[in-house]
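The values are calculated or read from the model by the stated rules, or taken from the named source; none is laboratory data. Worth saying up front: this structure is predicted, and the values here are computed from it rather than measured. Every residue, glycine as well, gets a Cβ built from its backbone with ideal geometry; the counts of neighbours run over all protein chains shown.
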Amino acid sequence: MTSQPEPTSVEPRKLSVRRAPKYVPFMIAGGIVGIIAAAVMTMALPPNEQFSASSVFGMFTVLMLIPGVGLGAIAALMFDRQGQRRAKTLVAQPLPDDESNAEAETA
């Protein structure tokens, strides 16, 4: 003879639901913007006899990539803060267990 487990009385819980950005795509986009800015700066400057265009581009890429990634992270933080303000509180009600699931678990 198997005994049925007594149903536990679980109270409803309040949950905060919000949208949060993924930080890595924002940082990658910021890095790409930094690389594009480096290319624009390289093309805008007059050619230098001392350095080749590729070495100037490489230097500007290193200098612009780091701030671009940082600005992407700051943008993600701003969207995250905005999402926290727009968060909604919902009440989660537990569903009763299905009898077939309860029998399968005890077997």
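For Pro94, work out the one condition from (1) surrounded by 11 or more Cβ atoms within 10 Å (Cβ to Cβ); (2) in a helix (DSSP H, G or I) it doesn't fulfil.
Result: Pro94 passes all but (2).
For the structure I just gave you, tell me whether Met27 is within 30 Å of the chain's Cα centre (by Cα), in a helix (DSSP H, G or I) and modelled with pLDDT of 95 or more.
Answer is yes for this residue.
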